[in-house]
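Undergrad: Here it is: the structure, laid out below.
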Amino acid sequence: MRVLIIRHADPEYFGDTLTELGRKEASALAERLERGIEGRPSRLYTSPLGRARATAAATEQRLGLVAEVEDWTRELSHWPRLGEAGGGDARPGEGGMALWDLPPGDVRGRAAEPPMSHATQWARVPQLEAIRSQFDEICAESDKFLARHGFVREDGQYRILTPNREIIAVFCHGGFGLTWLAHLLDMPLPMVWSSFW
């Protein structure tokens, strides 16, 4: 199975929708998915938030599919922020810099010796402790989601119960997508976050 983790198109955060550019991006993405990436997606999933749903809508129309809403894929805007609410680092509507926006130098310096692991990340980057239980919830929901598709997680890897060549597309958010990827790859959150800075 192939999972396409798709960040929503250019957002208008205050209205939780897309900008004009975002609508063009969503349309271009839909055209590309219709042409296929070693096949077309046969299932679509989306965050319940408007900007992800609006991005998915163009693909739904183009492929004649209906995206299923997966609540657990929503943006992590409820997670703690770095800095003061409304400060210079604030992103529209979110009140501060997100944890996944930690500067790479800060993270990589803490990860050098000994190498950071999925298990040691909590002690190495103190800001993470505040989101540990929420991350565990995402991991549990991810594992249930993949089990519905025939993949069971065991010791950080997935055992295939039901082989398939299905392509699924999940329309979600940048912070969520990177966080999910850290779980899927069994990598420390900060290392994944800082690798896409």
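Undergrad: I'm trying to understand the selection: among the residues of segment 42-58, which are crowded, with 19+ Cβ neighbours inside 10 Å and of a type outside the set (A, V, I, L, M, F, W, C)?
TA: Within segment 42-58, TYR45, THR46, SER47, ARG51, ARG53, THR55 meet the criteria.
Undergrad: So is ALA30 in a helix (DSSP H, G or I) and open to solvent by less than 40 Å² (accessible area, probe 1.4 Å) or not? Let's see the steps before the verdict.
TA: Values: in a helix (DSSP H, G or I): yes; open to solvent by less than 40 Å² (accessible area, probe 1.4 Å): yes.
In short, yes.
Undergrad: So, in segment 59-84, how many residues would count as being modelled with pLDDT under 95, over 18 Å from the mean Cα position of the chain (by Cα) and open to solvent by 50 Å² or more (accessible area, probe 1.4 Å)?
TA: Number of matching residues: 2.
Undergrad: Out of all the residues in segment 115-133, is one or more at pLDDT below 95, open to solvent by less than 70 Å² (accessible area, probe 1.4 Å) and closer than 30 Å to ALA56 by Cα?
TA: The first filter runs over segment 115-133 and keeps only residues at pLDDT below 95, leaving 115-133.
Cutting the leftovers down to open to solvent by less than 70 Å² (accessible area, probe 1.4 Å) gives us 116-118, 120-122, 124-125, 127-128, 130-131.
Adding the requirement that they be closer than 30 Å to ALA56 by Cα leaves 131.
Yes.
The values are calculated or read from the model by the stated rules, or taken from the named source; none is laboratory data. Only a predicted model underlies this, so the values are computations on that prediction, with no experimental measurement involved. When we count neighbours, we look across all protein chains shown, and the Cβ atoms used for this are built from the backbone with ideal geometry, even at glycine. These accessible areas exclude ligands, DNA and RNA; they are computed on the full protein's heavy atoms, side chains included. Shrake-Rupley method; radii C 1.70, N 1.55, O 1.52, S 1.80 Å.
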